[in-house]
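Read through the structure below, which is laid out as structure tokens, and then see the notes.
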Amino acid sequence: MASDKPINKQVSSSERTMCEATAQMLDKARRDGVIIALDRGYEMKPCPIGVESACCKHCYMGPCRLNPRDPYKKVGVCGATIDTIMARNLARNVATGSASHNDHGMHILKLFKEIVDGRVKDFSIQDTIKLERVAKSIGIDVEGKEVYAVAKELYVELEKTFSNVDGEMPFTRRAPKATLEQWRKDGIVPRGAMREVMEMMSRTHIGCDQEYNNITKQISRTALADGWGGSMVATELSDIMFGTPSPTVAEVNMGVLKEDHVNVIVHGHEPAMFEGMLAAVSDPFFVEEAKAKGAAGINLVGMCCSGAEMMSRHGIPHAGNFSSTEAVLVTGAVDAMVVDIQCIKQGLASIAKCYDTHLITTNSRAHIEGATHIEFEEQDPRGCTDQVLIKAIARFGSRSMPIEIPKQVQKGVHGFTHEYIEYMLGGTFRGSYSPLNENIINGRIRGVAGVVGCTNPKVKQDSFHVALVQELIRNDVLVLQTGCSQIALAKAGFLTPEAAPLAGPGLSEVCETVGIPPVLGLGSCVDNTRILIAASAMVEAGGLGNSIADLPVAGCAPEWMSEKALAIGQYFVASGVYTVFGIGFPTIKGTKFHDLLFNGLEQQGYGKWGTAADPIEIAQMMIAHIDKKRKELGIDKTRERTLVDMSDRRDIA
Ligand code: NFS
């Protein structure tokens, strides 16, 4: 957004981001008098009461503000205690996050139905093996049935994910038996996502559920309706319709923009529009149109989560994560940025205007004031994509902005899936998680960590992700990644097999043997469900306990910012995973609700939350938890026997 206000230049761009390309664009934005979120975030002073969730605005007797330093001194006008207030606030955050993923999943399901019904012709079922596999996983008999018959049955079953009034969400059948039994015992198996989100909203109305333990149960249920519901539907059906990813080399960072090409960036979360754009840019008509305007071609690039998905599936280059979406426009080289839903900053509109870039919204659920809206319809993808390309090519032909494209670009291997992990360890005929479990039991791999989530201008962009992952792999923890975190590590060069020596001796040995990086990129945020399935497969393979809570695993979102991240965190906790958030957490230490989340849930047999401000401390907390689980499993000794330090290694040599 253009501003006359002096910008705080005392903080150098390299202190705001460790991404050199983004730093270069932040400097340019400052020179151009344009303020982007990395500077806005720094200037914003968050409300000290809100940051700890000590305020309530669920009715108009308030808003009521309690004192975070003395939280039990006061109650709200209705008598709500600090525990009720914090629990209700988190509940609504989780409901929003779960609603976002379920809305996405439901949209994907609708597209799947329209393909099955023959109403959408531009997309089809690409992966019939996965279709059968997913159908079988929830008890559908596929024997002797035609592809579209199986697809129809799968649709009917998966619709219950959203519409069930009672019963159990279909994909919960994929959870380990002991994990599912725990949910049943506590009455938190999600029914239908619409019911869970609606009930969560209703129960947090003034004067309804005012017992933080009981509210927490519904928080877990609403979150599980995300992880084992809408998100999992989105991942699995996207794989079936657009192809299941397998490891592929892709380029990441702003250097993927090309000055002599028409540059079109797609940013958002739903793959259909991006797939439509991919088909349109290879149309010879548009290639010729671009050439007629003097361009060498059309360069299609992704950002954020749909970018991560397309990179995994098709190797499409990726220009950067959440904190770089405004900065990339500062290059002046973006002819059109096309967006759909979620994580699209409103600030993009004014910055696009400053750099004469077309910002085009395409989804009926997400318009932005100041952007051009061209609706994307799955029945007629070209109705939208062609108009986008006409605008982008015209803008290329009349470019007036000085162009400065950062040089940084990093190659990496993306596109791992839970299916591929199984295959790479065991091969086609004896694909299995047993080799992974064996390597955990014998101590070469200490444990597995999911490092995921956003970037947040409250901290130096990417720096927490990178420091944390570096520490984890150094300690032989295999890291699985998704979302903006994956992009941070990809930019830093960790997603290549060549990064194996950065890992500890055990993990690097495994990586070198199998030929994989120590950090495996699984795609977008809804693809966190691949981690749930991988964890379930580890339990099933045996030797590491009966439930996800028994596994030597941990999760983390070190630079989180969105409500979706809170929903994801809670579904991992409720599935049995110790989950640590960096930056902060919206509860007050020392309160009963905080203690329940950070301690009590684990005693009940679930995972638990953790938080710390320093990435190395977070890594150590995760490693300590992994070691605790190893001890409980009785495999802590094996690790001590197998580990050799560098001097031992030299002696052996
Ligand atoms: Ni996830 Fe993807 Fe990124 Fe955070 Fe936003 S893009 S869904 S919420 S910022 S990881």
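Ranked highest first by the average count of other Cβ atoms within 10 Å around their residues, in what order do 409-419, 56-66, 341-351 fall? Present the calculation step by step, with values, prior to reporting the outcome.
Working: 409-419: 22.3, 56-66: 16.6, 341-351: 20.1.
Order by mean packing, descending: 409-419, 341-351, 56-66.
Got the relative contact order for the chain handy, in percent, Cα pairs under 8 Å and 6 or more residues apart?
On the way: 1373 pairs, mean separation 103.2, N = 653.
Rounded, it is 16 percent for the chain.
Tabulate in residue order the Karplus-calculated ³J(HN,Hα) for segment 528-534, using 6.51 cos²θ - 1.76 cosθ + 1.60 with θ = phi - 60°, rounded to whole Hz; enter x for Gly and Pro.
Per-residue couplings from phi come out as 4, 5, 5, 5, 4, 5, 4 Hz.
Rounded to the nearest 5, what % of DSSP beta bridges with both residues in the chain are antiparallel? Each step should come with its number before you reach the end.
Details: 9 of 47 bridges.
Around 20 percent antiparallel, to the nearest 5.
If N is the number of residues in segment 64-242, what value comes out of its Cα radius of gyration divided by 2.2 N^0.38 Å? Mind dumping the intermediate values first?
Numbers: Rg = 19.5 Å, N = 179, 2.2 N^0.38 = 15.8 Å.
The reported ratio for this selection is 1.24.
Under a 1.4 Å probe, what is the accessible area of the chain per residue, stated in Å²? Don't skip to the end; give the middle numbers.
Values: 24270 Å² over 653 residues.
Ligands and nucleic acids excluded, the result is 37 Å² per residue.
Can you list the GluC sites (Glu not before Pro) in segment 135-197 that are in a DSSP coil and have 12 or fewer other beta carbons within 10 angstrom?
On the way: sites: E143, E146, E153, E157, E159, E168, E181, E196; in loops: E143, E146, E168.
Within segment 135-197, the qualifying GluC sites (Glu not before Pro) (loop, at most 12 other Cβ atoms within 10 Å) are E143, E146.
In whole Hz, with x marking every Gly and Pro, tabulate ³J(HN,Hα) for segment 40-51 from phi via Karplus 6.51 cos²θ - 1.76 cosθ + 1.60, θ = phi - 60°.
Along segment 40-51, the couplings run 4, x, 5, 6, 5, 9, x, 5, x, 7, x, 4 Hz.
Rounded to a whole number, what is D in µm²/s for segment 1-120 from Stokes-Einstein with the Kirkwood radius over alpha-carbon pairs (10 °C, 1.306 mPa s)?
Values: Rh = 18.8 Å.
Answer, rounded: 85 µm²/s.
How long are the semi-axes of the equivalent ellipsoid of the chain, defined as square roots of 5 times the Cα gyration tensor eigenvalues? Whole Å, largest first.
Working: eigenvalues 250, 182, 156 Å².
Equivalent ellipsoid semi-axes, largest first: 35, 30, 28 Å.
In nm², what is the average projected area of the convex hull enclosing the Cα atoms of segment 52-104?
Details: hull surface 15.4 nm².
Directional mean of the projected Cα hull area for segment 52-104 stands at 3.8 nm².
In terms of modelled amide H atoms, which long-range or inter-chain residues lie less than 5 Å from the amide H of T611?
Under 5 Å from the amide H of T611 lie the amide H atoms of F581, each far enough along the sequence or on another chain.
Take segment 415-651, compute every pairwise Cα distance, and split them into 5 Å bins from 0; I just need the percent in each bin.
Taking every Cα pair in segment 415-651, the percentages come to 1, 7, 15, 20, 22, 17, 11, 5, 2, 1, 0.
Which value results when the Cα radius of gyration for segment 178-328 is divided by 2.2 N^0.38 Å? It would help to have the intermediate numbers written out before the result.
Working: Rg = 21.6 Å, N = 151, 2.2 N^0.38 = 14.8 Å.
It is 1.46.
Starting at 0 and stepping by 5 Å, how many percent of the alpha carbon pairs of segment 248-397 end up in each bin?
For segment 248-397, the pair-distance distribution reads 2, 11, 22, 25, 23, 13, 3, 0.
With the calculation restricted to Cα positions, what are the radius of gyration and Dmax of segment 473-578 in angstrom?
Calculated on Cα positions, Rg and Dmax stand at 14.2, 39 Å.
Tell me the carbon and sulfur percent of the accessible area for the chain, rounded to whole percent, probe radius 1.4 Å.
Details: 12570 of 24270 Å².
The nonpolar share, carbon plus sulfur, comes to 52 percent.
Mind checking the log10 I(q)/I(0) for segment 89-164 at q = 0.13, 0.16, 0.19, 0.22 Å⁻¹? Debye, one equal scatterer per Cα, no solvent, two decimals.
-0.46, -0.65, -0.83, -1.01
Ranked highest first by average number of other Cβ atoms within 10 Å, how do 509-516, 187-194 line up? Numbers along the way, then the final one.
Details: 509-516: 17.0, 187-194: 20.9.
Taking the mean over residues of other Cβ atoms within 10 Å, the ranking is 187-194, 509-516.
Quick one: Debye curve from the alpha-carbon atoms of segment 322-392 only, equal weights, vacuum; give me log10 I(q)/I(0) at q = 0.19, 0.21 Å⁻¹ to two decimals.
Debye output, listed in q order: -0.72, -0.86.
The values are calculated or read from the model by the stated rules, or taken from the named source; none is laboratory data. Since this is a predicted model, take the numbers as computed values, not measurements. A quick note on method: Cβ atoms are made from the backbone with ideal geometry, for glycine too, and the neighbour counts reach across all protein chains shown. For the accessible areas, the whole protein counts, side chains as well, though only heavy atoms, and no ligand, DNA or RNA atoms are used. Shrake-Rupley method; radii C 1.70, N 1.55, O 1.52, S 1.80 Å.
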